[in-house]
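The values are calculated or read from the model by the stated rules, or taken from the named source; none is laboratory data. Computed from a prediction, not measured in an experiment: that's the story for all the values here. For neighbour counting, all protein chains shown are included, and Cβ atoms are generated from backbone atoms with ideal geometry for every residue, glycine included.
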Amino acid sequence: MSTFRFNALKETAGRKPVVVEKLEKKSIIFGSNVFNDKSMRQFLTPDAYKAVQNAIQLGTKIDRNIAEYVAMGMKEWALNKGVTHYTHWFQPLTGTTAEKHDAFFETSFDGSDPVEKFGGSQLVQQEPDASSFPNGGIRNTFEARGYTAWDPTSPAFIYGTTLCIPTIFVSYTGEALDNKTPLLKALQAIDHAATEVAKYFDKNVKKITPTLGWEQEYFLVDRALANARPDLLATGRTLLGHTAAKGQQLDDHYFGSIPSRVLTYMRDLENECMLLGIPVKTRHNEVAPSQFELAPIFEETNLAVDHNSLLMDVMQKVAERHDYKVLFHEKPFKGVNGSGKHNNWSLATDTGVNLLSPGKTPMSNLQFLTFFINTIKAVHDYEELMRASIASASNDHRLGANEAPPAIISVFIGQQLTKVLAELEGVTKGKLSPEEKTDLKLNVVGKLPDVLLDNTDRNRTSPFAFTGNKFEFRAVGSTANCATSMTTLNAIVAKQLRDFKKEVDTLIDTKELKKDEAIFNVLREYIKQTKNILFEGDGYSEAWEKEAKKRGLSNHKTTPEALKAKVSKKAIELFEELEIMNHVEVEARYEIELEEYTKKIQIEGRVLGDIARNHVVPTAIRYQNTLIENVKGLKEIFGKEFEKIGKEQITLIKEISEHIEGINTKVEAMIEERKKANNISDAVKMAEAYCNKVKPYFEEIRYHADKLELLIDDEMWTLVKYRELLFVR
Ligand code: ADP
Ligand code: MG
């Protein structure tokens, strides 16, 4: 009997929901481990408090002396809560988070004067040994060092007994080595550009904040079972495994009652989130068995991105207590749905207006339409860059695979808004007659609010959909750091709003149009130019692929193909113009992502080769031997008649041999292709070789292994099966 698998199964048999400590009401504990406004008021001097508030709201710098006071207050607060260590918490280009803990505790060299120390310099800047983080060649060029610097706009928090200080991570030559730095710059760019445009409608607007509400999908698998699958451990997904007889056909999991062990996990997780100030709000089952989703109340984008990164870390840690493993991979199981991370995005003014929500007056609706149409124009102009921003080896399994948005970027806006745009398209060129203005005000722009309220039609197949008061970027992968997609989206909209402002001002200055006339004129042209990107139909259909091709939209199905847009002239110009990244930083990211792609496929290839040969083939041979023994016995007893009596067994013996041969030849061929790929020095060509030459063998090898799984005695099979991974909760 296969002890590996059955021991794991036995371990799961006695599992009970872990008792979760009952905490006080959410509203009371929320943010109690965050150095938030309340704790700042309590622990900071008025000057220090004001400096941090100004940094958060106006982006002003905090000077060194003040930082000393902030550090003092922060330390006081943290020590009161039993904290012993502090760390700069950052997001290197690995896509995850990084931390290096230092103790507050210090003594002089002879052991005297033990104190708890944490000063302004420790708060503001650190030098982690940066050489082991990906840098895409940036640091080789000059200095091997990098440093982290405090981001006061994202509050410090306590996790366990460590004070975590969100920071950016940059090289000594100033290039960003992380995901946060470009994001902050993109947020600044859109703040400036959008504020200028918003001033057409309300002179009092001083600041625009992009908002983000992500929805995180994930799978929960029993820890013992996950640990018994080498592929899950090494790659985050199952590289083989026959689909379970029951999967998601009955649609009985989605929004169903949450299994009790899972529910306790979720409760525990939510408690942690409350303490950390992550405003999680909804939880439910997703479509696939053992798949779930968690979503917060939306927040300012930088904070929301930090919270998502932190959450992914916390989810895994809390899962340990409950003997679960969280699978964030976009496609951990063949044959059931994969996971995504919808990014809901909008723009909020400091006067409390959601710019993507229609208002009560014709003017506020024109404002809505302005931001709405400019967003569409931005996506139209930069669809390839949007696609590139969500490209990864794991997301390739989703995009275009008939369950997630296609690899083609399009925008869904719903019937009613389609009609509004059609009407605006008919606006007269140049000056408008008083009648036309009245008509626009009363019938087109004026009617928006009640129209939109029943705009409930939601096309789930669209990668970028307008959902009433926000856009939802649905093609983002579940493993992704939202910073990448959010940097891109905010950058392209910032650029578009800048261009829009210039065009409108030109019409006002040179054609002597009134402001609203100029706006109508520019919007009309945008509507005409961007029709290609709008699509209301079934994004999963083949017809759309054909149609999109005719329209000239890109359809990059693989990461190496999709990533190219990141380093296009247009993309580099965009990031340089907005001062978000220079070309070195853009190119470095391209290189890192290509390399990551190559490595992921390389690892998958190795692991697949190993388990196919070390688990599947030996098991197959063992079972085949028992069949051979059986046939030999039949021959002994029945003589010549054995061929008839043992017919099934003999067929099985042959079939098993064919599959073993299939595995061996395909694994050999894959290894050959890997060798060839490894000899390629050009990073692009190497990634392409892994994509087009190595990866295709995965399915072929899997085919034989999965067939064997069905043929071989269940008691002998060493790998935990799909039905066990997906249904043991
Ligand atoms: P679903 O897409 O699953 O139907 P909802 O539409 O209710 O879910 O909302 C999903 C997410 O959208 C939530 O995380 C919510 O916080 C976020 N959201 C709502 N309004 C905004 C906004 N103005 N800006 C950004 N995110 C928002
Ligand atoms: Mg959603």
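Every residue in the range 320-339 that is of a type in the set (Gly, Ala, Ser) and surrounded by fewer than 21 Cβ atoms within 10 Å (Cβ to Cβ), please.
Gly335
Among the numbered conditions (1) more than 21 Å from the chain's Cα centre (by Cα); (2) in a helix (DSSP H, G or I); (3) modelled with pLDDT of 95 or more; (4) not aromatic (Phe, Trp, Tyr), tell me where Ser554 comes up short.
Going through the list (1) more than 21 Å from the chain's Cα centre (by Cα); (2) in a helix (DSSP H, G or I); (3) modelled with pLDDT of 95 or more; (4) not aromatic (Phe, Trp, Tyr), Ser554 breaks only (2).
Suppose we filter the range 669-692 for residues that are hydroxyl-bearing (Ser, Thr, Tyr) and exposed (fewer than 14 other Cβ atoms within 10 Å of the Cβ); how many remain?
Number satisfying all stated conditions: 1.
What about Ala234, is it surrounded by fewer than 18 Cβ atoms within 10 Å (Cβ to Cβ), in contact with a helix residue (DSSP H, G or I) (Cβ under 9 Å, 6 or more places away or on another chain) and closer than 26 Å to Phe4 by Cα?
yes
What are the pairs with Cβ atoms under 6 angstrom where one residue, in the range 39-58, is outside any helix (DSSP H, G or I) and the other, located anywhere, is of a type in the set (Gly, Ala, Ser)? Sequence gap at least six, or different chains.
Leu44/Gly73
Please enumerate the residues belonging to the range 74-109 that are among the acidic types (Asp, Glu) and under 24 Å from the mean Cα position of the chain (by Cα).
Matches in the range 74-109: Glu99 only.
I need the strands (runs of 3 or more DSSP E) fully contained in the range 241-342, keeping only those with at least 2 residues that are within 16 Å of ligand 1 (Cβ to nearest atom).
Qualifying strands (runs of 3 or more DSSP E): 280-285, 291-296.
Take the range 359-384 and flag every residue that is outside any helix (DSSP H, G or I), surrounded by fewer than 24 Cβ atoms within 10 Å (Cβ to Cβ) and not small (Gly, Ala, Ser). Give the derivation first.
Quick first cut of the range 359-384, residues outside any helix (DSSP H, G or I) only: 359-361, 382.
Next, only the ones that are surrounded by fewer than 24 Cβ atoms within 10 Å (Cβ to Cβ) stay: 359-361.
Lys360, Thr361, listed by residue number.
Of the conditions (1) in contact with a Leu (Cβ under 7 Å, 6 or more places away or on another chain); (2) more than 30 Å from Gly352 (Cβ to Cβ); (3) within 16 Å of ligand 2 (Cβ to nearest atom), Glu217 fails just one. Which one is it?
(1)
For Asp505, only one of the following conditions fails: (1) in contact (Cβ under 8 Å) with a residue 60 or more places away in the chain; (2) more than 16 Å from ligand 1 (Cβ to nearest atom). What is its number?
Result: Asp505 passes all but (1).
Could you tell me which numbered condition Phe520 fails, if it satisfies all but one of (1) among the aromatic types (Phe, Trp, Tyr); (2) within 16 Å of ligand 2 (Cβ to nearest atom); (3) over 22 Å from the mean Cα position of the chain (by Cα)?
Exception for Phe520: condition (2).
If we keep just the residues of the range 466-494 that are more than 12 Å from ligand 1 (Cβ to nearest atom) and not in a helix (DSSP H, G or I), which is farthest from Ala176 (Cα to Cα)?
The residue in question is Ala475.
Considering every residue within the range 289-298, establish whether at least one is more than 16 Å from ligand 2 (Cβ to nearest atom) and at pLDDT 95 or above.
No, the range 289-298 has no match at all.
Could you pull out the residue among Phe698, Phe727, Phe638, Phe642 that is under 16 Å from Gln602 (Cα atoms) and of a type outside the set (Ser, Thr, Tyr)?
Just a single option satisfies the conditions, and that option is Phe698.
Can you give me the number of residues within the range 1-27 that are acidic (Asp, Glu) and either surrounded by 15 or more Cβ atoms within 10 Å (Cβ to Cβ) or in contact (Cβ under 8 Å) with a residue 60 or more places away in the chain (or both)? Give the derivation first.
First, the residues of the range 1-27 that are acidic (Asp, Glu): 11, 21, 24.
With either surrounded by 15 or more Cβ atoms within 10 Å (Cβ to Cβ) or in contact (Cβ under 8 Å) with a residue 60 or more places away in the chain (or both) added as a condition, the list becomes 11, 21.
Counting residues in the range 1-27 that are acidic (Asp, Glu) and either surrounded by 15 or more Cβ atoms within 10 Å (Cβ to Cβ) or in contact (Cβ under 8 Å) with a residue 60 or more places away in the chain (or both) gives 2.
Would you pick out the residues in the range 187-230 that are within 16 Å of ligand 1 (Cβ to nearest atom) and under 22 Å from the mean Cα position of the chain (by Cα)?
Leu187, Ile190, Thr209, Pro210, Thr211, Leu212, Gly213, Trp214, Glu215, Gln216, Glu217, Tyr218
For Thr195, which of the numbered conditions (1) in the same structural domain as Phe104 (by TED's automatic domain parsing); (2) assigned to a helix (DSSP H, G or I) fails to hold?
Condition (1) is where Thr195 drops out.
In the range 427-465, how many residues are modelled with pLDDT under 85 and not in a helix (DSSP H, G or I)?
9
How about the range 240-281: which of its residues are charged (D, E, K, R) and modelled with pLDDT under 75?
Lys246, Asp251, Asp252
Among the listed residues Thr153, Thr209, Thr173, which satisfies the condition of being over 17 Å from Val124 (Cα atoms), in a loop (DSSP other than H, G, I, E, B) and not hydrophobic (A, V, I, L, M, F, W, C)?
None of the other options fit; the residue is Thr173.
Name the single residue, out of those in the range 298-318 being of a type in the set (A, V, I, L, M) and under 17 Å from the mean Cα position of the chain (by Cα), that is surrounded by the fewest Cβ atoms within 10 Å (Cβ to Cβ).
Of everything passing the filter in the range 298-318, Val314 is surrounded by the fewest Cβ atoms within 10 Å (Cβ to Cβ).
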